[in-house]
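S.K.: What follows is a single structure, and I will ask about it in a moment.
The values are calculated or read from the model by the stated rules, or taken from the named source; none is laboratory data. Nothing here was measured: the structure is a model prediction, and the numbers come from that model. So basically every Cβ, Gly included, is an ideal-geometry build from the backbone, and we count neighbours across all protein chains shown.
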2 protein chains.
Amino acid sequence: MNKFIRVNMTTKEVVTGEAPEKYAGLAGRALTSNFVNDEVKPTCHPLGKNNKLIFAPGLLSGTSASQSGRLSVGAKSPLTGTIKESNTGGTFSQKMAKMGIKALVIEGMPEEDKFYVLKIDMNGVTIEDAPAEILGGCGNYEALKVLSAKYGAKVGIALAGPAGEYRLPTANISFKDPEGNIRSAGRGGLGAVLGSKKVKALVIDDTGAPGVTLAKPEEFRAAAKAFAKALTTHPVTGQALPAYGTDVLVNILNEAGGLPAKNFTAGRIGWNDKISGETMNATITERGGDGKVSHGCHAGCIIRCSQWYPDKDGKYVTSGFEYETVWALGADACIQDLDDIAYIDRAMDDVGVDAIDVSVAVATAMEGGLLPWGDGKATLEAIKQIAIPTPLGRIIGGGTAIVGKVCGLFRTPVVKDQAIPAYDPRAIKGIGLTYATTPMGADHTSGYCIATNILKVGGYVDPLKKEGQVELSRNLQIATAAVDSTGMCLFIAFAILDIPEGFNALVDMINARYGLSLTADDVTALGKSILKAERAFNAAAGFTNAHDRLPEFFEYEPCPPHNAVWDFTPEEIDEVFNF
Amino acid sequence: MNKFIRVNMTTKEVVTGEAPEKYAGLAGRALTSNFVNDEVKPTCHPLGKNNKLIFAPGLLSGTSASQSGRLSVGAKSPLTGTIKESNTGGTFSQKMAKMGIKALVIEGMPEEDKFYVLKIDMNGVTIEDAPAEILGGCGNYEALKVLSAKYGAKVGIALAGPAGEYRLPTANISFKDPEGNIRSAGRGGLGAVLGSKKVKALVIDDTGAPGVTLAKPEEFRAAAKAFAKALTTHPVTGQALPAYGTDVLVNILNEAGGLPAKNFTAGRIGWNDKISGETMNATITERGGDGKVSHGCHAGCIIRCSQWYPDKDGKYVTSGFEYETVWALGADACIQDLDDIAYIDRAMDDVGVDAIDVSVAVATAMEGGLLPWGDGKATLEAIKQIAIPTPLGRIIGGGTAIVGKVCGLFRTPVVKDQAIPAYDPRAIKGIGLTYATTPMGADHTSGYCIATNILKVGGYVDPLKKEGQVELSRNLQIATAAVDSTGMCLFIAFAILDIPEGFNALVDMINARYGLSLTADDVTALGKSILKAERAFNAAAGFTNAHDRLPEFFEYEPCPPHNAVWDFTPEEIDEVFNF
């Protein structure tokens, strides 16, 4: 897996070569972040020719290891102005890995106003005109149909939706999942970067791919087995997530008083039963949605957390129906009808926007008077307008920071212009440090302190106290950067934090795959080096510690029921990255 | 003039005391910028209780010196996130000075959702409920009428228009001018800060004011006479500006190839005759607008550059009808009808937005497909929608940076999120350095290199060459910071740069006013110290040299007719503030 492909959209040249020596041993986020830091001008405009978009499977992608099918996409973010790694399921990563492609880079920018499709197969990359019928606001579900019909049902697809075509700051990159539906590299507006390069879609056909070679097949199989065992044994990955999906967190966070409600004015709601994972599961089961309850976002997933939500007639509405979306619309925007939320989730996938930033934008817009509180129908209409786009569609598709600006709000829940997700930083202080300091802008996945603060995974740190949070956020950010480089789904963290054999099996798999002899220390060193590269890029782009701060209102407004405030000093926050 | 008044809108307390010792000798921008740097938390949200808004007349305000009636308003800017000094005419500055008020500070923020009027007179400041009829989108012209009827025709008024009430990023603070029309502290969204503090208006009544005491009246009168002579002698302040207003620059910049056209795609237009100062003057003269052609923005102005533009029936439409507005709408947005532009200018004054940021936003929105190119009627409708505000009104009132984001544009002419005004930095390189490096965000007034690059005032530096520009921008920024502290209109710079007696007279007036013995070196030192305080604030707020850059497209797109590009290196740009 050492092919390094560069597609220059200015010249339409494609260059396929060996990966540069300096990237030996790097994959996934380690590769995308180092590449962006090496090659992207930090002060460039994210939508200009100097930005570069890189797709990279992880170290274990393409193997039979459970959960190894995640893809990293990197660039300078149009939403935050920082470096960005956005991580997705789907079928792309494994196909790239099996074809021996370590990375695909899209650089430059066409002068002509015309969209293209990049067709990737064992013969290389061809740049074709995008079919007219998928342009100009065509929804992603329809576009996937058109592209699958044209290129074959088995191809992998990455897509700039309407929002990406229009280069809106919340545009995601949508990926075809194993069933032909949608997964997303959601955060940071990388779909706008794809759109700026006039690439409507990437289509990948792995016919004839040699597949991945294992240096030590026996050792790999043994480790993979031990790894899978850890996943199935752990209560979070073995029971809670498979049964209820991530939406299992509604009741847990509500109980903890850390479920942000009505644009972060409280940490608990009374209507949690209407939107909880238990209710979602019961609804899906009762409606008998196409015979499915849940599925995996990529082949080889054994957690299968992605819920398959049907309408009242049992017909598919949406999947990848995550806790963060249900929280943002259901609790933060007070939309109390799970069907309404499901249709909005589908609409967001269809127009191709980050479900977190846009859903938080909806709640923020409600505070700003742009939408009525709790109105699911009005929200659905607003989301659909992104495909046109109307001025309202542009505002909502601009994301939470833009909504805050045009509504003149003091209470705008963003860090580095990216929306704060589903865990209140006042009541769960560890995650607040992650929001503040991660190079990505507010992002729970980059150091998921909920694990230890709430789920008691990897030990326990009292969520309401400051003690131990700096170390927790720091250690989880380091570990996460490493995990994001393996191609592994981040949820493996629950199992490897609690089960030493699981962690060892992960390292053993990497060693067996490549014939290495890495240790736990090497994994930590990798994580640190990734974070340092990301911070270096951000510093050169103009970010300082002054940007590593939560919105001020968290300092002044106590969050019921605990009435906690955000009370870390700047100096304490800055300790997170003191390593 | 040493009263220092603090109005706390959280507690409704008013404290009037002597100005702190450290502010001795500081006024205008020197005072507002030092105060903001001293007291405003750099990382605070501009619309929160930790921001403070300060109004300060200049060193010479309240005296009989020509051009001394300008007011400085300072705060952290909601538009740029930087420190901001916004400078205005009107009657406020002289009244404050005559009442002995060195500064008025508004701090805190009410919890209740209710607007107030601050009534300032010789008895102090009272906080009154704002009249209901001037709230909820009432235009500034009507609000001025209501307030003048209530408080008397002679009071000075500062006003948050509809945009300020809604806290839009381009909201200005509108001031009553001597005729009861509107002047604005335009740039940087300080009207949104006023609106966030729930102050709809400030009303100042100087009945019984003691007036300004001169330490050396004879010397003052002699100096003031010499100063006035310099102004009337210089061709710019004595002839061009009085005759044609600032719009005289249309033909001059067009000839120079530095008049940005169609969202900065060229530096020259073919329809300059339709919008030039000569045409404006002929139109006004022909229509016989209320018997006026031009007037001063404050009492004591002898330049009288503000044009008094009437409709076809000779009825007043707008005044303060500046080159930058005519340029942005007429050349940059290609609206070729001067009447259309005049009505849009009036509408911007009426809703209370910065005419530069919003007019450039209009041109940018045309590139982004939100408005049709050159359509004055559609633009007028969009501006009026700011008073409602509709989603389109919010976008346009959000300013150029927001328009660029929601339209996914690469070509967004802003620095630090503030719109670049009417002089192309590729063809006039000195002004480009000012845009890039001033602590204010793109602002021509903070170091007006056009003077020397184009008008050959203060010498000549070839606009198309890099040589000499760093020193020019640096020196003008230093001098401007000092002038902005005197209460003097910046246009005096033309005369004092060319006529040594004019400069000496300015220093002599300050010395005679206060009984000092300042020299030219002291003026330079003052200018430098102001800029350093402003940079210190910005650095603590998270700004670095990486923010001192022009939009990337200026580096790649040659600007006809000279086909010049922006070619300063980062290192060269950073030399401007190396002092």
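S.K.: Filter the range B:363-392 for residues that are more than 12 Å from chain A (Cβ to nearest Cβ) and within 24 Å of B:Asn181 (Cα to Cα); which is nearest to the chain's Cα centre (by Cα)?
M.R.: Here is the first cut: in the range B:363-392, the residues more than 12 Å from chain A (Cβ to nearest Cβ) are B:363-364, B:366-367, B:372-381, B:383-384, B:387.
Checking the rest, the ones that are also within 24 Å of B:Asn181 (Cα to Cα) come to B:376-377, B:379-381, B:383-384, B:387.
Numbers: B:Gly376: 24, B:Lys377: 26, B:Thr379: 23, B:Leu380: 22, B:Glu381: 25, B:Ile383: 20, B:Lys384: 22, B:Ala387: 22 Å.
Of everything passing the filter in the range B:363-392, B:Ile383 is nearest to the chain's Cα centre (by Cα).
S.K.: Please verify whether the range A:58-71 includes one or more residues that are in contact with a Cys (Cβ under 6 Å, 6 or more places away or on another chain) and assigned to a loop (DSSP other than H, G, I, E, B).
M.R.: Within the range A:58-71, one or more residues are in contact with a Cys (Cβ under 6 Å, 6 or more places away or on another chain) and assigned to a loop (DSSP other than H, G, I, E, B).
S.K.: Within the range B:145-169, which residues are part of a helix (DSSP H, G or I) and crowded, with 24+ Cβ neighbours inside 10 Å? So that I can check it myself, show each step before the final result.
M.R.: Within the range B:145-169, the first condition is being part of a helix (DSSP H, G or I), and the residues that meet it are B:145-151, B:162-165.
Within the range B:145-169, B:Pro162, B:Ala163, B:Gly164, B:Glu165 qualify.
S.K.: Of the residues in the range A:299-324, how many are aromatic (Phe, Trp, Tyr) and either in a loop (DSSP other than H, G, I, E, B) or within 17 Å of the chain's Cα centre (by Cα) (or both)? Lay out the reasoning, then the answer.
M.R.: To start, the set of residues in the range A:299-324 that are aromatic (Phe, Trp, Tyr) comprises A:308-309, A:316, A:321, A:323.
Pick out the ones that are also either in a loop (DSSP other than H, G, I, E, B) or within 17 Å of the chain's Cα centre (by Cα) (or both) and you get A:321, A:323.
Total meeting the criteria: 2.
S.K.: Next question, about the same structure. May I ask you to list the residues in the range A:483-498 that are in contact (Cβ under 8 Å) with a residue 60 or more places away in the chain and in a helix (DSSP H, G or I)? If you could, list the steps in order and put the result at the bottom.
M.R.: If we filter the range A:483-498 for residues that are in contact (Cβ under 8 Å) with a residue 60 or more places away in the chain, which is where we start, we get A:484-492, A:494-496, A:498.
Selection gives A:Ile492, A:Phe494, A:Ala495, A:Ile496, A:Asp498.
S.K.: Tell me the residue from B:Asn34, B:Asn50, B:Asn87 that is within 14 Å of chain A (Cβ to nearest Cβ) and either touching a residue at least 40 places away in the same chain (Cβ under 8 Å) or part of a loop (DSSP other than H, G, I, E, B) (or both), please.
M.R.: Details: B:Asn34 fails: within 14 Å of chain A (Cβ to nearest Cβ); B:Asn87 fails: within 14 Å of chain A (Cβ to nearest Cβ).
The conditions single out B:Asn50.
S.K.: Restricting to the range A:170-181, what's the tally of residues that are under 18 Å from A:Val125 (Cβ atoms) and either among the β-branched types (Val, Ile, Thr) or surrounded by fewer than 24 Cβ atoms within 10 Å (Cβ to Cβ) (or both)?
M.R.: Going through the range A:170-181 one residue at a time, the tally reaches 1.
S.K.: Within the range B:419-427, identify whether any single residue is of a type in the set (Lys, Arg), buried (at least 24 other Cβ atoms within 10 Å of the Cβ), within 14 Å of chain A (Cβ to nearest Cβ) and touching a Phe, Trp or Tyr at 6+ places or on another chain (Cβ under 9 Å), and answer yes or no. Spell out the reasoning first.
M.R.: Residues of the range B:419-427 of a type in the set (Lys, Arg): B:426.
Pick out the ones that are also buried (at least 24 other Cβ atoms within 10 Å of the Cβ) and you get B:426.
Retained after the next criterion (residues that are within 14 Å of chain A (Cβ to nearest Cβ)): none.
No, every residue in the range B:419-427 fails to be of a type in the set (Lys, Arg), buried (at least 24 other Cβ atoms within 10 Å of the Cβ), within 14 Å of chain A (Cβ to nearest Cβ) and touching a Phe, Trp or Tyr at 6+ places or on another chain (Cβ under 9 Å).
S.K.: In this structure, is B:Ile388 surrounded by fewer than 24 Cβ atoms within 10 Å (Cβ to Cβ) and β-branched (Val, Ile, Thr)? First the steps, then the outcome.
M.R.: Details: surrounded by fewer than 24 Cβ atoms within 10 Å (Cβ to Cβ): yes; β-branched (Val, Ile, Thr): yes.
When the stated conditions are applied, B:Ile388 passes them.
S.K.: Go through the range A:53-86 and count every residue that is surrounded by fewer than 24 Cβ atoms within 10 Å (Cβ to Cβ) and closer than 19 Å to A:Ala201 by Cα.
M.R.: Number of matching residues: 0.
S.K.: I'd like the full set of residues that are in contact (Cβ under 8 Å) with a residue 40 or more places away in the chain, surrounded by fewer than 21 Cβ atoms within 10 Å (Cβ to Cβ), β-branched (Val, Ile, Thr) and part of a helix (DSSP H, G or I), limited to the range B:252-298.
M.R.: Passing the criteria: B:Ile252, B:Thr279, B:Thr283.
S.K.: Using the structure shown, decide if B:Glu501 is within 14 Å of another protein chain (Cβ to nearest Cβ) and surrounded by fewer than 23 Cβ atoms within 10 Å (Cβ to Cβ).
M.R.: Details: within 14 Å of another protein chain (Cβ to nearest Cβ): no; surrounded by fewer than 23 Cβ atoms within 10 Å (Cβ to Cβ): yes.
No: the conditions fail for B:Glu501.
S.K.: Shifting gears a bit: Quick test of your reading of the structure: A:Lys405 fulfils all but one of (1) buried (at least 24 other Cβ atoms within 10 Å of the Cβ); (2) touching a residue at least 12 places away in the same chain (Cβ under 8 Å). Name the failing condition by number.
M.R.: Evaluating A:Lys405 over (1) buried (at least 24 other Cβ atoms within 10 Å of the Cβ); (2) touching a residue at least 12 places away in the same chain (Cβ under 8 Å) leaves (2) as the failure.
S.K.: Could you check, for the range B:549-563, whether at least one of its residues is in a helix (DSSP H, G or I), basic (Lys, Arg) and assigned by TED's automatic domain parsing to the domain that holds B:Glu471? Walk me through it before giving the result.
M.R.: Keep residues of the range B:549-563 that are in a helix (DSSP H, G or I), which gives B:553-556.
Then drop every residue that is not basic (Lys, Arg), which leaves none.
There is no residue in the range B:549-563 that is in a helix (DSSP H, G or I), basic (Lys, Arg) and assigned by TED's automatic domain parsing to the domain that holds B:Glu471.
S.K.: Also: Just to be sure I understand, how many residues within the range A:176-215 are more than 19 Å from A:Arg346 (Cα to Cα), among the hydroxyl-bearing types (Ser, Thr, Tyr) and more than 14 Å from every other protein chain (Cβ to nearest Cβ)? Break it down stepwise before answering.
M.R.: Within the range A:176-215, the subset more than 19 Å from A:Arg346 (Cα to Cα) is A:188, A:190, A:192-215.
Now drop any that are not among the hydroxyl-bearing types (Ser, Thr, Tyr), which leaves A:196, A:207, A:213.
Subsequent filtering for residues that are more than 14 Å from every other protein chain (Cβ to nearest Cβ) retains A:207, A:213.
Within the range A:176-215, residues that are more than 19 Å from A:Arg346 (Cα to Cα), among the hydroxyl-bearing types (Ser, Thr, Tyr) and more than 14 Å from every other protein chain (Cβ to nearest Cβ) number 2.
S.K.: Just for the range A:551-565: of the residues that are crowded, with 22+ Cβ neighbours inside 10 Å and within 13 Å of another protein chain (Cβ to nearest Cβ), which one is farthest from A:Pro463 (Cα to Cα)?
M.R.: So the first thing to find is which residues in the range A:551-565 are crowded, with 22+ Cβ neighbours inside 10 Å, and the list is A:551, A:554, A:559, A:564.
Checking the rest, the ones that are also within 13 Å of another protein chain (Cβ to nearest Cβ) come to A:551, A:554.
On the way: A:Pro551: 19, A:Phe554: 15 Å.
Applying the filter and picking the extreme gives A:Pro551.
S.K.: Go over the candidates B:Glu128, B:Glu133 one by one and state the one that is part of a strand (DSSP E or B) and either over 24 Å from the mean Cα position of the chain (by Cα) or under 21 Å from B:Pro20 (Cβ atoms) (or both).
M.R.: B:Glu128
S.K.: For the structure I just gave you, tell me whether A:Phe537 is in a helix (DSSP H, G or I), among the hydrophobic types (A, V, I, L, M, F, W, C), outside the structural domain of A:Ile303 (by TED's automatic domain parsing) and more than 23 Å from B:Asn538 (Cα to Cα).
M.R.: Numbers: in a helix (DSSP H, G or I): yes; among the hydrophobic types (A, V, I, L, M, F, W, C): yes; outside the structural domain of A:Ile303 (by TED's automatic domain parsing): yes; more than 23 Å from B:Asn538 (Cα to Cα): no.
No, not satisfied.
S.K.: Quick check on B:Met9: is it among the aliphatic types (A, V, I, L, M), surrounded by fewer than 24 Cβ atoms within 10 Å (Cβ to Cβ), in contact (Cβ under 8 Å) with a residue 40 or more places away in the chain and within 14 Å of chain A (Cβ to nearest Cβ)?
M.R.: Details: among the aliphatic types (A, V, I, L, M): yes; surrounded by fewer than 24 Cβ atoms within 10 Å (Cβ to Cβ): yes; in contact (Cβ under 8 Å) with a residue 40 or more places away in the chain: yes; within 14 Å of chain A (Cβ to nearest Cβ): yes.
It is true that B:Met9 is among the aliphatic types (A, V, I, L, M), surrounded by fewer than 24 Cβ atoms within 10 Å (Cβ to Cβ), in contact (Cβ under 8 Å) with a residue 40 or more places away in the chain and within 14 Å of chain A (Cβ to nearest Cβ).
S.K.: I'd like to check something: does the range B:42-60 contain any residue that is among the hydroxyl-bearing types (Ser, Thr, Tyr) and within 23 Å of the chain's Cα centre (by Cα)?
M.R.: Let us first name the residues in the range B:42-60 that are among the hydroxyl-bearing types (Ser, Thr, Tyr), namely B:43.
If we keep only those that are within 23 Å of the chain's Cα centre (by Cα) as well, we get none.
Among the residues of the range B:42-60, not one is among the hydroxyl-bearing types (Ser, Thr, Tyr) and within 23 Å of the chain's Cα centre (by Cα), which makes the answer no.
Yes or no, residue by residue, for (1) over 19 Å from B:Lys405 (Cβ atoms); (2) not charged (D, E, K, R):
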{"residue": "B:Asp339", "(1), (2)": "yes, no"}
{"residue": "B:Ala347", "(1), (2)": "yes, yes"}
{"residue": "B:Ile356", "(1), (2)": "no, yes"}
{"residue": "B:Ser359", "(1), (2)": "no, yes"}
{"residue": "B:Leu371", "(1), (2)": "no, yes"}
{"residue": "B:Leu380", "(1), (2)": "yes, yes"}
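S.K.: Which of the residues belonging to the range A:131-147 are more than 12 Å from A:Ser174 (Cα to Cα) and out of contact with any strand residue (DSSP E or B) (no Cβ under 7 Å at 6 or more places or on another chain)? If you could, list the steps in order and put the result at the bottom.
M.R.: At the first step, the residues of the range A:131-147 found to be more than 12 Å from A:Ser174 (Cα to Cα) are A:131-138, A:142, A:145-147.
Answer for the range A:131-147, where residues must be more than 12 Å from A:Ser174 (Cα to Cα) and out of contact with any strand residue (DSSP E or B) (no Cβ under 7 Å at 6 or more places or on another chain): A:Pro131, A:Ala132, A:Glu133, A:Gly136, A:Gly137, A:Cys138, A:Glu142, A:Lys145, A:Val146.
S.K.: Does at least one position in the range B:87-101 carry a residue that is assigned by TED's automatic domain parsing to the domain that holds B:Val15, in contact with a helix residue (DSSP H, G or I) (Cβ under 8 Å, 6 or more places away or on another chain), hydrophobic (A, V, I, L, M, F, W, C) and closer than 26 Å to B:Thr10 by Cα? Talk me through it step by step, then tell me what you get.
M.R.: Residues of the range B:87-101 that are assigned by TED's automatic domain parsing to the domain that holds B:Val15, as a first pass: B:87-101.
Retained after the next criterion (residues that are in contact with a helix residue (DSSP H, G or I) (Cβ under 8 Å, 6 or more places away or on another chain)): B:87.
Remaining after also requiring hydrophobic (A, V, I, L, M, F, W, C): none.
For the range B:87-101, residues assigned by TED's automatic domain parsing to the domain that holds B:Val15, in contact with a helix residue (DSSP H, G or I) (Cβ under 8 Å, 6 or more places away or on another chain), hydrophobic (A, V, I, L, M, F, W, C) and closer than 26 Å to B:Thr10 by Cα: absent.
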